[in-house]
1. Output needed: percent of Cα pairs per 10 Å distance bin for region 129-179, bins running from 0 to the one holding the longest distance.
2. Once the principal axes of the Cα atoms of region 86-127 are found, what is the range along each, listed largest first in whole angstroms?
3. What is the log10 of I(q)/I(0) for the chain, computed with the Debye formula using one identical point scatterer on each Cα and no solvent, at q = 0.15 Å⁻¹?
4. In Å and on Cα atoms, what radius of gyration and Dmax does region 37-113 show?
5. Return a whole-number percent for the relative contact order of the chain, with Cα pairs under 8 Å and 6 or more residues apart as the contact set.
6. Give the accessible surface of region 9-182 per residue, rounded to a whole number of Å², with probe radius 1.4 Å and ligands, DNA and RNA excluded.
7. Tell me which lysines have Cα within less than 16 Å of LYS161's Cα, excluding those fewer than 8 residues away on the same chain?
8. In nanometres, what is the gap between the two model label sites at ALA43 and GLN86, each 7 Å from Cα along Cα-to-Cβ?
Amino acid sequence: MPRFIKPKAIRGNKLVFRDATVADAAFILGLRTDASKGRYLSATSPDLAKQEAWLAGYAQDAGQIYFIIEDAAGEAVGTVRLYDQQGDSFCWGSWIKKDGAPSGFAIESALIIYHYALHLGFEGAHFDVRKGNTGVIQFHERFGAQVTGESELDYYFKMDKTTILATLAKYEKYLPNGIQIEA
Ligand SMILES: CC(C)(COP(=O)(O)OP(=O)(O)OC[C@H]1O[C@@H](n2cnc3c(N)ncnc32)[C@H](O)[C@@H]1OP(=O)(O)O)[C@@H](O)C(=O)NCCC(=O)NCCS
């Protein structure tokens, strides 16, 4: 059975993922409490101490991986998180891009997630997207995700391994050298 392993860093093409720490609390809060970026995310308290406490708890939590996404200069440009393992499927979300992130941020960051998850042994992904978040819904559909259901608020999606492999191949130019994992 795969399990979440928190690497020190994952290098892609233009982006580097690194494990989030308590020191990232203000950066994360700034993104999540931004009125337009946070519109389709679950609500976050603006209290910095609460966010720091959450990240301290996260450091002890083997059930998720929270990445800060950096550009080539080491500047934080976004976040993404893996969580809610269900057998050999992982869920991902908390996906946010800072204004001014490198072009191709969305595609490359999604490819890094899928690449790393396959490396960990996962065979598929599941995630949900708020119904009004049309840009993000379109993104996942172009990537080959399938809608498996819906609630009043959300669409539920899945990506199986065959689709993930086909998508990694289709968008290879965004991640030409794959990923380098620093344990
Ligand atoms: C989620 C998020 C990181 C996605 O990033 P994004 O830049 O909005 O993603 P996009 O789908 O617009 O894709 C970026 C670019 O890649 C292009 N692109 C996306 N998918 C593509 C595909 N399959 N093939 C070719 N080009 C593609 C888009 O056309 C877009 O091009 P542009 O920059 O010239 O307009 C960003 O929207 C965000 O931070 N949203 C707020 C938080 C949020 O709602 N997160 C999701 C919660 S589920």
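1. Reading upward from the zero bin: 25, 44, 25, 6, 0.
2. Each principal axis gives a Cα extent; for region 86-127 these are 37, 17, 11 Å.
3. Each listed q corresponds, in turn, to -0.89.
4. In order Rg, Dmax, the Cα atoms of region 37-113 give 13.5, 37 Å.
5. The value is 26 percent.
6. Normalised by residue count, the accessible surface of region 9-182 is 49 Å².
7. LYS170
8. 2.6
The values are calculated or read from the model by the stated rules, or taken from the named source; none is laboratory data. Values in this document were obtained by computation on a predicted structure and should not be read as measured data. Please note: Cβ atoms are built from the backbone with ideal geometry, for glycine as well, and neighbour counts cover all protein chains shown. In case anyone asks, the SASA skips ligands and DNA or RNA and just uses the protein heavy atoms, side chains included. Shrake-Rupley method; radii C 1.70, N 1.55, O 1.52, S 1.80 Å.
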